[in-house]
Amino acid sequence: MSSSSRRRLVAGCLSILLGLSTVMPAAAQDMIRFGTALSLTGNLATEGKLVREGYDFFVKTVNERGGMDVAGKKYKVEIVYYDDESNVNTSVKLYEKLISEDKVKFLLGPYGSGITIAVSNLTEQHKLPLVIAHGAASTIYNRGYKYIFGVLNSIDHYTYNMVKMASEQKLTRLALLNENQLFAQLGIDGAARQAKELGVEVVYKEKYSSGTKDLSPELEKMKAAKPDMIIAGGYTNDMILLARQISQVGLKPKLLGYLLGPTLPGFVKSLGADAELTLEPVQWSINVPYKDQIFGWTARGYADAFQKVYGHVPDYHPIQSTAALQVYYNAFQKVGGFDPQKVRDAIAETDIVTAYGPIRFNDKGQNIAKSMSVVQIQDGKPVVVYPADVAETKLKLNP
Amino acid sequence: MQLVAQIVLNGVLLGGFYACMALGFSIVWGVMNVVNLAYGSMIMIGAYVTQMAVLQLGLPLAAALPLAALATFTMGYVLQRALLNRLAERSVFMTLIFTFGLNMALINLNLILFSADVRSLPDVFGRASFTIAGLSVPYGRATIFAVAMAMTLGLHALLNWTPLGNAIKATSFDPDAARLSGIDVPHVYALTFAIGGAIAGVTGALVATSYSFSPLAGESYTMKAFVVVVLGGLGSIPGAIIGGMLLGIVENLASLFLDSGYRDAVGFTLLLLVLILRPRGLMGRRFFAEVKG
């Protein structure tokens, strides 16, 4: 090969490379990338999968419609996923990678409060928005952070509607009991504050140690305080024991609510009659009456469309994920571009209605527009009984 | 006063359950110097067997209980004969590591077979209770207490009045002398582990009826059994009863008089006190611990 032809070859290659390099940014401009690390393996894998399905469902829906419509242009959506193996330290490393190596500007929350707290330290440092779909601990939002936004109700708001029900039912003596553990403590402390606000007297409030095998000392004391409503918080094992012993010690509250339990698998089956008429607040149910202003579907419409793709009815996990992406979408449209700081400011001003519920943030980044629905176990089935515009059926009091 | 009496009674009932639970752990530790960290998982297996027997085979609880015991007895025998005997008379750390690993394997096996869902048998005893001297006793807890006491007496009889019991005790004191007297030591070890397993199985059946269980819940039972055994004394049957009741009563009184959050703290403080003042446990004999070194 002559030197001139070699030169021509090199020039040709160069021009191809140059050509590519001018084409590639153009492609990247039409593609918006989000990033997240989820618990795809490890002990939170079940939830991690549901979370991912909700994110993916947004991507699929939007891309099928040609992409996100921002300032008269269509942008396809892509999410960069990593697996945090249900481990906090791994998660932080992966978010670091998303930010510094993958250059992702728009971050989606991981699964779980503990991991979210750690990750948000990092995203705040980088001044990048983090829209949280699955971190309910109020401690996430109480640190004065400016770049975090949670679409879900945080734990300290869980019991609000249950306490409100109590006050509407003229139940005035509330007993509170929780496992000595952060999640339950935040929830039950929230209930105590709400009781004060709504004029319900807290006649008993205590905590017990995790994994206890006998709650009768607590319950005997509670019984002496004569409550007409009990709200308890803790993990399922203890809540099953509690439900049994409440009836064994002869406590007969008009209403019995749990932070979580009644809608979890195994609770109703294990407890039978003792599960009847118990209450639990839920983030979302298929009956919520909201019509999505971005996609136009109702909660039920969302569920149907989701089921067609993934073959199962969504619980609240997927739609929470989808809502987080809708918050970004709305902000992009407001800004008409993708400058992270401007997007962050637009997110702070969010005021939208989604099939998940209305979304509006306070200055801590908590969604204050939505409230929890309350589910009651009736004839062994969970049905929504509160608030009235969501209720499938009427609340029943214990005789 | 009524309240305190009720709480103490509840503590006694709880203590009976603790004692029953600790027996299987105690005998294995006392005789073979094996701290069985998989004990809680064996209790969980007993609970799963009971649940399957009741819900899927439609057996009454009275029939499901021996079935659960048989399942964990067999499991115990096979484990000891096939695996643990190879480590017998080695350093206690070897068996600790082995049972730690075994526990992880069993937890994950249970997770695969039964999922992580929390389960429990519905309303076997109902909410009913009877009254003694103005104190109410739920049938469920009373039954657990009765079964626990029956098992304790049964084990006492087995160890003291049968040739097998003598063989177990002899092996425990001095395996070499036992071997020279014609005792089949590996067989005795395997039987001892199997008896411990059977007790775990029965405990599991009781757990299934009154508590809830999941693959990961076993560890809290191992922990409680450990505390009761150290309190009462290694390998001692009366020790397990006294340790169990003491722990049950003290925990409940702590919940009543202090903040309930201190329940475990008080339990472990009691354990520390006993360890400082009477290191061999309340009813423990010096001999056991020293022979095993």
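The values are calculated or read from the model by the stated rules, or taken from the named source; none is laboratory data. Just so you know, these numbers come straight off a predicted model, no measurement behind them. Quick reminder, even Gly has a Cβ in these numbers, built from the backbone with ideal geometry, and neighbours come from all protein chains shown.
From the list A:A137, A:A224, the one residue that fits, being among the aliphatic types (A, V, I, L, M) and more than 20 Å from the chain's Cα centre (by Cα), is A:A224. Listed by first and then second residue, the pairs linking a residue in region A:188-206 that is within 23 Å of B:L256 (Cα to Cα) to a residue that is among the hydroxyl-bearing types (S, T, Y) and assigned to a helix (DSSP H, G or I), with Cβ atoms under 8 Å apart and 6 or more places separating them unless they lie on different chains, are A:E206/B:S260. Restricting attention to region A:89-113, the residues being touching a helix residue (DSSP H, G or I) at 6+ places or on another chain (Cβ under 7 Å) and surrounded by fewer than 17 Cβ atoms within 10 Å (Cβ to Cβ) number 1.
The C-beta contact set for region B:167-190 (first residue over 17 Å from B:G30 (Cα atoms), second residue surrounded by fewer than 20 Cβ atoms within 10 Å (Cβ to Cβ), distance under 6 angstrom, 6+ apart or interchain) comprises B:R179/B:V185. Counting only helices (runs of 4 or more DSSP H) that sit completely within region B:196-293, those holding 2 or more residues that are facing chain A (nearest Cβ under 10 Å) correspond to B:218-232, B:237-257, B:263-277. Can you confirm whether region B:127-145 contains a residue that is buried (at least 23 other Cβ atoms within 10 Å of the Cβ), in contact (Cβ under 8 Å) with a residue 60 or more places away in the chain and under 18 Å from the mean Cα position of the chain (by Cα)? The answer is yes, given that some residue of region B:127-145 is buried (at least 23 other Cβ atoms within 10 Å of the Cβ), in contact (Cβ under 8 Å) with a residue 60 or more places away in the chain and under 18 Å from the mean Cα position of the chain (by Cα). Can you spot a residue in region A:278-301 that is under 19 Å from A:L176 (Cβ atoms), more than 8 Å from chain B (Cβ to nearest Cβ) and in a loop (DSSP other than H, G, I, E, B)? Checking region A:278-301: not a single residue is under 19 Å from A:L176 (Cβ atoms), more than 8 Å from chain B (Cβ to nearest Cβ) and in a loop (DSSP other than H, G, I, E, B).
Of the residues B:G165, B:G235, the single one that is small (G, A, S) and modelled with pLDDT under 90 is B:G235. Name every residue in region A:47-81 that is farther than 16 Å from A:F295 by Cβ, more than 19 Å from the chain's Cα centre (by Cα) and among the hydroxyl-bearing types (S, T, Y), in order of residue number. Hit for region A:47-81 is A:Y75, nothing else. Taking residues in region A:258-271 that are within 12 Å of chain B (Cβ to nearest Cβ), and partners anywhere that are surrounded by fewer than 19 Cβ atoms within 10 Å (Cβ to Cβ) and modelled with pLDDT of 80 or more, the pairs with Cβ atoms closer than 7 Å and at least 6 places apart or on different chains are A:V268/A:G380. For region A:239-249, enumerate the residues that are modelled with pLDDT of 85 or more and farther than 20 Å from B:V118 by Cα. Within region A:239-249, just A:V249 meets the criteria. Please determine, by comparing only the residues of region B:221-233 that are more than 11 Å from the chain's Cα centre (by Cα) and crowded, with 24+ Cβ neighbours inside 10 Å, which one is farthest from A:Q181 (Cα to Cα). That would be B:G233.
Within region A:90-107, the set of residues being within 21 Å of A:V343 (Cβ to Cβ) and in contact (Cβ under 8 Å) with a residue 24 or more places away in the chain comprises A:Y95, A:E96, A:L98, A:I99, A:D102, A:V104, A:K105, A:F106, A:L107. For region A:183-201, does any single residue satisfy the condition of being assigned to a strand (DSSP E or B), more than 10 Å from every other protein chain (Cβ to nearest Cβ) and either closer than 26 Å to A:P399 by Cα or of a type in the set (A, V, I, L, M) (or both)? Looking for residues that are assigned to a strand (DSSP E or B), more than 10 Å from every other protein chain (Cβ to nearest Cβ) and either closer than 26 Å to A:P399 by Cα or of a type in the set (A, V, I, L, M) (or both), one finds at least one in region A:183-201, hence yes.
Within region A:379-397, residues that are closer than 18 Å to A:E168 by Cα reach partners that are of a type in the set (G, A, S) and assigned to a loop (DSSP other than H, G, I, E, B) with beta carbons closer than 8 Å, at six or more positions or on different chains, in the pairs A:V384/A:S285; A:V384/A:A391; A:V385/A:A391; A:P387/A:S371; A:V390/A:S285.
Say we look at region A:207-220 and pick out the residues that are in contact with a strand residue (DSSP E or B) (Cβ under 7 Å, 6 or more places away or on another chain) and facing another protein chain (nearest Cβ under 7 Å); which of these is nearest to B:V8 (Cα to Cα)? Among residues in region A:207-220 that are in contact with a strand residue (DSSP E or B) (Cβ under 7 Å, 6 or more places away or on another chain) and facing another protein chain (nearest Cβ under 7 Å), the one nearest to B:V8 (Cα to Cα) is A:E218.
Candidates in region A:227-257 are the residues that are within 7 Å of chain B (Cβ to nearest Cβ) and among the hydroxyl-bearing types (S, T, Y); of these, the one that is farthest from the chain's Cα centre (by Cα) is A:S247. Consider region A:274-298 and keep the residues that are among the small types (G, A, S) and touching a helix residue (DSSP H, G or I) at 6+ places or on another chain (Cβ under 8 Å). The one that is farthest from A:V375 (Cα to Cα) is A:A275.
Considering region A:166-182 alone, what residues qualify as being under 23 Å from the mean Cα position of the chain (by Cα) and assigned to a helix (DSSP H, G or I)? Selection gives A:L182 alone.
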